[in-house]
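Down below is the structure, laid out as structure tokens.
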Amino acid sequence: MDIIKSLLKELAAEFNTTKKFLALVPADKFDWAPHEKSMKMKSLASHIAELPSWVAMALTTDGLDFASAPYEEKPIEKAADLIKLLEESYDSAKTELEKAKEDVLENKWTLRNGDQILADYTKYETIRHSFSQTTHHRAQLGVYLRLLNIPIPGSYGPSADDQNF
């Protein structure tokens, strides 16, 4: 099995599905959240748009330390900005995956906050984690959209909004 080819195929599929969801995010609801403990829609959507970039980061670094590189949300003003960010994230991920050799996937990658280890993965596990995070957070976004009565596109088959059931 060619793991790199499989990862590229999954990356492309998740990108195409995610793009459909992000295109539906209404800018006038960027500050909306379904609950006080929930992320605001803009923060959630921009996080989703950035997640493919973790593939490139996994392949080009040995980790991330939030203590020395604090997270800064990218400026987003409209849904088109989300799509642009997603496309940039996808392009960097695809480029790095296409250059990667399979044996590098076994190398360690660590997520930390100073001395606190948040995740101790292989580069392969980091890539898979970014895919899982995309799926997880995209599902959250689907709930946000549903609560705003915005029809949901299918992810791994048709949604209830894609067909007449």
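Let me confirm something: among HIS136, HIS129, which residue is surrounded by 14 or more Cβ atoms within 10 Å (Cβ to Cβ), closer than 27 Å to ILE3 by Cα and modelled with pLDDT of 95 or more?
Selected residue: HIS129, the only one of HIS136, HIS129 that is surrounded by 14 or more Cβ atoms within 10 Å (Cβ to Cβ), closer than 27 Å to ILE3 by Cα and modelled with pLDDT of 95 or more.
Within the stretch 111-137, the set of residues being among the polar types (S, T, N, Q) and part of a helix (DSSP H, G or I) comprises THR126, SER130, SER132, GLN133, THR134, THR135. Can you name the residue in the stretch 38-73 that is surrounded by 15 or more Cβ atoms within 10 Å (Cβ to Cβ) and either β-branched (Val, Ile, Thr) or assigned to a strand (DSSP E or B) (or both) and, of all such residues, is farthest from the chain's Cα centre (by Cα)? Across the stretch 38-73, the extreme among qualifying residues is ASP65.
So, ILE83, is that one out of contact with any Pro (no Cβ under 6 Å at 6 or more places or on another chain), among the β-branched types (Val, Ile, Thr) and assigned to a strand (DSSP E or B) or not? Here the answer is no, as ILE83 does not meet what is asked. The number of residues in the stretch 94-110 being closer than 17 Å to THR122 by Cβ, in a helix (DSSP H, G or I) and not acidic (Asp, Glu) comes to 3.
Within the stretch 1-10, restricting attention to residues that are of a type outside the set (Asp, Glu) and touching a residue at least 60 places away in the same chain (Cβ under 8 Å), the residue that is surrounded by the most Cβ atoms within 10 Å (Cβ to Cβ) is LEU7. A single entry from ALA13, ALA27, ALA23 fulfils the requirement of being without any contact (Cβ under 8 Å) to a residue 24 or more places away in the chain, surrounded by fewer than 19 Cβ atoms within 10 Å (Cβ to Cβ), closer than 19 Å to ILE152 by Cβ and aliphatic (A, V, I, L, M): ALA13. Of the residues making up the stretch 1-36, those that are aliphatic (A, V, I, L, M), part of a helix (DSSP H, G or I) and out of contact with any Asp or Glu (no Cβ under 8 Å at 6 or more places or on another chain) are LEU7, LEU11, ALA12, ALA13, LEU22.
The values are calculated or read from the model by the stated rules, or taken from the named source; none is laboratory data. The structure displayed is predicted, hence computed values, not measured ones. Cβ sites come from the backbone with ideal geometry, for glycine too, and all protein chains shown count toward neighbours.
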